[in-house]
Every structure is written in structure tokens, then in C-alpha cells.
Number of protein chains: 2
Amino acid sequence: MRDVAVIGIGMTRFGELWETSFRDLFVEAARAAMLDAGVERIDSMYVGCMSGGLFVGQEHIGSLMADYLGVTPTAATRVESACASGGCALRQAWMEVASGLSDVVLAGGVEKMTDIDLNQATYALGTAADAEYESFHGATFPGLYAMMARAHMERWGTTSEMLAAVAVKNHENGLLNPMAQYRTRITREAVLQSTMIADPLHVLDCSPVSDGAAAVVLVSVELARKLGRPAVRITGSGQASDRIALHSRSDLASLESTRVAAERALAMAGVRIADIDFAEVHDCFTIAELMVLEALGVYPHGQAGPATLAGETGRAGRFPVNPSGGLKSKGHPVGATGVAQIVEIVKQLRGEAENGRQLARARRALAQNMGGTGGSTVVHILEA
Amino acid sequence: MRDVAVIGIGMTRFGELWETSFRDLFVEAARAAMLDAGVERIDSMYVGCMSGGLFVGQEHIGSLMADYLGVTPTAATRVESACASGGCALRQAWMEVASGLSDVVLAGGVEKMTDIDLNQATYALGTAADAEYESFHGATFPGLYAMMARAHMERWGTTSEMLAAVAVKNHENGLLNPMAQYRTRITREAVLQSTMIADPLHVLDCSPVSDGAAAVVLVSVELARKLGRPAVRITGSGQASDRIALHSRSDLASLESTRVAAERALAMAGVRIADIDFAEVHDCFTIAELMVLEALGVYPHGQAGPATLAGETGRAGRFPVNPSGGLKSKGHPVGATGVAQIVEIVKQLRGEAENGRQLARARRALAQNMGGTGGSTVVHILEA
């Protein structure tokens, strides 16, 4: 298989984008990525999207986006793995370039979540869980993650203050990201006093409902050199599944699909987690960031919370996590999230992160993108 | 890239399967394919599904199916391209084996369309068109294909009798397929006298709403030899997109994505259309089969209708088309269709088609699977 590099990145602002349609969001991000890559032609494209059907009444999303991007008859395929759809799109694009089948492949992700009311959005998001055994009986995602948080607290002593520290840190980062949905500083007290959504998760422990899109252009490392573009290599890719319903898991307080996907990606890259400088991870709820860091092996079980409280995952800390602001502050248009993580990592590895958000040490990074309560995970390793 | 072969096939019966759930349909087909292949382990899987969200309130379909198939933490990805979702799943699985990343990959497709009422199903199918410019204004798929049929009649002299001949021929074939939804012989008169749905398309010009699943197991040709399983090689794969909305096309009476996808697949296989013995094609409406045969280059424009009337596409004809019964008689659970085409082709190439449906000459075949009104097409070439 060939070595693959990212040579172009683009994304829309994340937020409640009433003025921009589903298709226009994707085209804006894809055009920006193609411009950044300096390519006018792509051989193939993948679109990560969780539920075009329920959010905007549109499937056949590959064809739609190829059409509006003006690249027909280019092959275009939509991939879905709930909130990990973007990561899956990247992985398929990586595979197509690595295989030698295509030279220039675009991977994008998009979701337009605010065209329906919040009850409908909660229903749509619930389709990422086990519909027949979880959502149809009333379980919502805040409720499912609240159970995981409670289990983690009982077993590992994690506290609400530790959860709040994740939100505070990610808002500090998002404040500096011009594309972020919430550019507001929050305090630990504000999180703890905010409305309780599903005990122990307050509203400020939850990522928002968002509109947005992100895209990257992948080529072989050889072609990147020929084109003379700054190339960020994808040195590892790993994907794994887990039992979709919480009641089928052996442990509510750990994330098996993340553990396995990371193991696979790190093995492919030939590195250990200690060799990674920073990470973008799937903080759909504050508890998720802590559980992910433990599943990745950054911290032993029960230690991610105290480390976060101590500032270790801040921009100046030992292992910066979510310098983009994460899903919590940057926003979480579910299909776009996995690709937006790559946009931030490439910016950091190029030394181009805006507003003083640039990390001091940024040579090798990890992206972790997760579907549902961890029913699927995609992990990528990128190197400057 | 490595040579890839199909070594296992499986499918459920197609029809109104009230007693079988979405997940159980997929698992039944996937288990049958794994049993047929003689493998107990897969490295990765793809699930083609058009709209789990709208049909059954379930997304995150890769994770769900990996879970119920009992193969977690295997990587599992759902791919979608409307009614071409199954063909896309096959293509991604082929790519993964061809790249060398994985040795044993399952490609499946599934749709459970009868859990909602017919109005809702019509809405769900409409999401394969351009939602904002076609479906939201009332266009349905019979309506869109009726416009294409009318254009083809005006331009090329195609008649209702020629359309009816497609339905009659496909029902003759489906009569012999134990998995088919409609195992009934129909006459040309019955088609012409059946209820008009969207002029010139009668109800017997339309494929049905169906439940069902199909799956295949792919391995490298080398591994197939080691395992000692009968291997059908995938020698060509092509995919293309087209403008999604009919009003954006330069010609309503031709299918550009099918022309391009076939050109790519044939080029990869190093053969011409004249070298193909038979085909499974996307006859969602009778007019589609004629337009596809012309786009593939089997017949010049305007000649597919007369050839069908003359019996050339029957089982004993010059170029048998849809020996399985096609979407028209076998049924059309949209996400499963592209994979079910492969199941029939493999049966034919192995010489295992049931009930005297076996073709005399079956060494090399083509599968054409199409999304929407041709906004996407996937074509594969298979050889014994």
C-alpha cells in the first residue's frame, strides 16, 4: 500500500447556520479544501453523513454533493457510522489512495441538524443507539452517557468537578478557534450550576446541535512531493466496532472499540501512545473525553479526570487534548466532526493554528472519532 | 492491487417479510454467505443500506450488524448511494481486499421497507432524488421515471409493448427463483391493462417495495485457492455519478453515469461489452432496463426495446438480462439489490442456478446497480 498525505483542508464555521443549506455547507468546505490543495480535479470522493434522511429529507448524498461540487461523473460515496461517519469517510479515502486505485480523493463530512425541531433532532440522534432496545423505550444520548458517567464515578471516583474541567478547558481552546460555535469562556462553577440534563450531566457537559461541514484532500505522498504542497502524512488508520447497546457491554465505564481502533492505528504507524504529541478526541459529552483518554492508554483508568483537573490536557499541558475546542465548544455537526478533527490536526502540524492556539510541540497527533456510545470508533495517526 | 474473488454468497427471500426484523434479515444473509465461504472470521464488513433512518428509525448500521452477526470488534461501515448502496458496499469491500489491507471482507446489503406505510415509503424513496428541487415539490420515483420513459418514447420510438415485454421476461425468470418476491407469470396484456401509476408506467412496469438482504464474502484470489473454495473473480469495478436532478441532465433519455461506470469497469477487466455473456441490471422500472442496456452499449439507442420484444434478452436469447427475475420480479429491497445481483451472477457462473434457470453460457457477467434516476451507478465484471 502507498503512503498517503493530506494536502488540503477546508471547513465551514460550525453553528446554527440558518442561511446555508445542507448542500452548500458541503460545497463550501470541499471547495476550500481543493483550493488549499491546489487541485482542480479529484478522482473520487467520500461524504460522511449520519442521517440526511431524518435531518433534511435527503439521501443519495454522494451524488448530490458531486453534482453541486461540479465534479460529476466522479465516483461519490456516502459513508455512515453515526457520529463516526466523518472518520469513516477519511478511512475509505485513505484506503482508495493507499490501494493505488486513485491519486486524488476528497473526504468530507457534513450535517445540517437545525432544520428540524429539537425533539426531532433528539429522535434522529437516537438512531445511533440500538433503536429497538434503547431509543424506542425512551433512552436519549444524554441519558445513555449519563449512565456511563455514573458507572465511571462509582468505579473510578470521577467527580462532577473533573467533568466540568473538560468543558472549561475545551471552551478555553474554542475561544481561539474562528470556526467554533461557542467562543465563550466558561467557569467550572458555571458548568456545575447549569441545568441538569441527565444526572450527572449538566447542559454544559454536552456538545451542541450544530450545522457544518469539513473536507480534506488526500494524495499519495509521492504526488504531494510532485505538487510541491505541504504534506501531512496519515501513518496509521484503525477502526473497530463494539456491541451497539449499553446493556450488552461487559463494562459501562470503558470504551472497547476505541481501545481496539487505537491499538490498530498505532501498530500501523509503528508508534506507541507515548510518542503522540496531542490528540483531537470525541468529547460529545465531558465524560466521553475522560473515557477516551483512558481507552487510548494516555491515562490509566480513573486518572484522566484528575489529570484534566491538574491542567495536563490543556494547551500548555503534558498532553494537549482538543486544541480546536473539541465537539463541546467547536460544535458537533455529527457527520462533519471526524473530518474537522483532521482539519485541526493538519493546521497544528503545519504550524498554522490561529490566534495563539498553536501548540509548542506538534509533530505527531492522533484523531479519535466515535459513533453512538462507542459502538464504532475510527482512529488515525498523522505526522508532519 | 491484488486480484479479488467471491467465495461465499447468501440472501434471504425477498418480499413482505413481516416476521423478520431489519437486523435479522442482514444476519440471515451474512451467516449464509459465511457458511457458503467456509469462513468463521471476517476482517471487515460493509453494509449497503439506503435509509435505515426513515424506514426503521435506525442508523449506525455497521455497528448494529457487526453486533448481531457476533463479529465485534470487526470494523463495520455502512455505505449509501440510494438504490446503488449494495453495489457501493461491494466496491468498498473489493477495494479493501485488493489493497492488501484485509484478507476476508463481507459485503452485504439490506432494506426493511414494509415497517412503514406506503406514503411514508414513497417519501423515503423520494430522498434518492434532489429533495429540494424534485421530491419536496411532489415528484415521486414513478413520476420521474415516467418522464424518462416519455422522453425515450418521443425520441427513440419505444412503445408500451416494449416496456411490457421487459416485465413479462423478468417474471418468467423470477418464476424459477426460489428467493423471488413475485413468482407469477404475467402477460403483456396484463401489464398493459394494469393500473396506470404515472403515464406511461403501469403498476406492472414498477418494481415492488420489499424487505430483504444479501451478502457475499470476498477474499484474495490467492487465499481462495488456499481455502480450496470455488472462486468467482471480480475483474472490473467502475463507479460514476451524474447530476442528481432530471432537470439538470442534458438528455432525459440516456444514463450517463451508467455509460461511464461501465466504461471504467470494462477497461479494468480488459474486455468489451461484446465479451460479456449476460447481465444483472437495475430494472426498478421497465424503462430503466432498456435505457441501461443502451448505456452499457449492448444495443444502440432505441434498439433495446425491439430486441426485448424479439426475445433477445430472455434466458435463451443472445444476451440474457436479469436471469434472477430482476428488481421487477425478484423484488427490490433497495440497499440489498446491488449485492443480490452478485449472488445471482455467482450462482450462474458456478452453474448452480436453481429450477432450470441456469444459463447455457455463463463465463463472464456484468452487474449494473443504479441510484435514483441514475445519479449514481456501480458496475462490476465477474468471471468464472
*Work from the charge dipole of the protein assembly as shown (Cβ charges, +1 for Lys and Arg, -1 for Asp and Glu, about the Cα centre) and give the residue of B:T195, A:C284, A:F136 farthest towards its positive end.*
A:C284
*Work out the P(r) tail for region A:175-225: percent of alpha carbon pairs separated by more than 15 Å, whole number.*
66 percent
*For the protein assembly as shown, what is the charge dipole size about the Cα centre, in debye to the nearest 20, if Lys and Arg each add +1 at the Cβ and Asp and Glu each add -1 at the Cβ?*
1800 debye
*Round to the nearest 0.05 the FRET efficiency obtained for B:E19 and A:Y133 when R0 = 22 Å and r is the Cβ-Cβ distance.*
0.75
*Whole Å is fine, so just give me how far the alpha carbon centre of region A:79-127 lies from that of region A:305-350.*
19 Å
*If you put a point 7 Å past Cα along the Cβ direction, how far is that point for A:G356 from the same point in each other copy, in nm, smallest first?*
8.5
*Out of B:I273, B:G326, B:A353, whose Cα points farthest toward the positive end of the dipole of region B:273-384 (charges: +1 Lys, Arg; -1 Asp, Glu; placed on Cβ)?*
B:A353
_Peptide B:140-148, shielding by other chains (average Cβ, 10 Å cutoff)_ = 0
_Rounded, prolate or oblate (a/c below 1.5 giving rounded, otherwise prolate when a/b exceeds b/c) for region B:51-118 by Cα gyration tensor_ = oblate
_So if I average 1/r over every pair of distinct C-alpha atoms in region A:73-211 and take the inverse, what Kirkwood radius in Å does that give?_
17.8 Å
*D for the protein assembly as shown, whole µm²/s, Stokes-Einstein with Kirkwood Rh over alpha-carbon pairs at 10 °C and 1.306 mPa s: what number?*
62 µm²/s
_Angle between chain A longest axis and helix A:85-99 axis [Cα atoms, degrees, rounded to 10]_ = 40 degrees
*Loop sites in region B:205-287: trypsin sites (Lys or Arg not before Pro), DSSP, at most 15 other Cβ within 10 Å*: B:R272
*Mind sorting B:E111, A:E352, A:E344 by how few other Cβ atoms lie within 10 Å of their own Cβ, fewest first?*
A:E352, A:E344, B:E111
*Rounded to a whole number, what is D in µm²/s for region A:14-83 from Stokes-Einstein with the Kirkwood radius over alpha-carbon pairs (10 °C, 1.306 mPa s)?*
124 µm²/s
*With axes computed from alpha carbons, what is the tilt in degrees of helix A:256-269 against the longest principal axis of chain A, rounded to the nearest 10 within 0 to 90?*
40 degrees
_Averaged across orientations, what area in nm² does the convex hull of the alpha carbons in chain A project?_
16.4 nm²
_Highest to lowest packing among B:130-141, A:4-15, B:182-193, A:124-135, scored as the average C-beta count within 10 Å_ = A:4-15, A:124-135, B:130-141, B:182-193
*Too long at a 21 Å Cα-Cα cut-off: which of A:K112/A:K330; B:K112/B:K347; A:K112/A:K347; A:K112/B:K112; B:K169/B:K347?*
B:K112/B:K347; A:K112/A:K347; A:K112/B:K112
*Across peptide B:129-137, what mean number of C-beta atoms from other chains lies inside 10 Å of a residue's C-beta?*
4
*Using the Cα centre as the reference, give the magnitude of the dipole from point charges on the C-beta atoms of chain A (Lys, Arg: +1; Asp, Glu: -1; all else neutral), rounded to the nearest 20 debye.*
1100 debye
*Specify the angular offset, from 0 to 90 degrees and rounded to the nearest 10, of the alpha carbon long axis of helix A:22-37 from the longest principal axis of the alpha carbons in chain A.*
60 degrees
*If you find the alpha carbon centre of region B:222-300 and of region B:5-44, how far apart are they in angstrom?*
24 Å
*So what is the relative contact order of region B:290-340, in percent, for Cα pairs below 8 Å that sit 6 or more residues apart?*
16 percent
*Which FRET efficiency, nearest 0.05, do B:R185 and B:E154 yield, Cβ-Cβ r, R0 30 Å?*
0.45
*Identify, among B:L163, B:S85, B:T20, the residue whose Cα sits farthest towards the positive end of the charge dipole of the protein assembly as shown, taking +1 on the Cβ of Lys and Arg and -1 on the Cβ of Asp and Glu, with the dipole about the Cα centre.*
B:S85
_Using a 10 Å cut-off around each Cβ, can you sort B:I234, B:I116 from fewest to most neighbouring Cβ atoms?_
B:I116, B:I234
*By its C-alpha gyration tensor, with a ≥ b ≥ c as the square roots of the eigenvalues, how is region A:272-384 shaped: rounded for a/c under 1.5, else prolate for a/b larger than b/c, else oblate?*
rounded
_Global geometry of region B:226-305, whether rounded, prolate or oblate, following the gyration tensor of its Cα atoms and the 1.5 cut on a/c_ = prolate
_Length-normalised contact order of chain A in % [C-alpha pairs under 8 Å, at least 6 apart]_ = 26 percent
*Sticking to Cα atoms, compute the Rg of region B:89-166 to one decimal and its Dmax as the biggest Cα-Cα distance, whole number, in Å.*
18.9, 50
*Taking a quarter of the surface of the convex hull around the Cα atoms of region A:7-155, what do you get in nm²?*
11.0 nm²
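Throughout, read-outs are computed from the coordinates displayed, never taken from laboratory work. From a predicted model like this one, the values you see are computed outputs, not experimental measurements. Ideal geometry is used to build each Cβ from the backbone, glycine not excepted, and the neighbour counts take in all protein chains shown.
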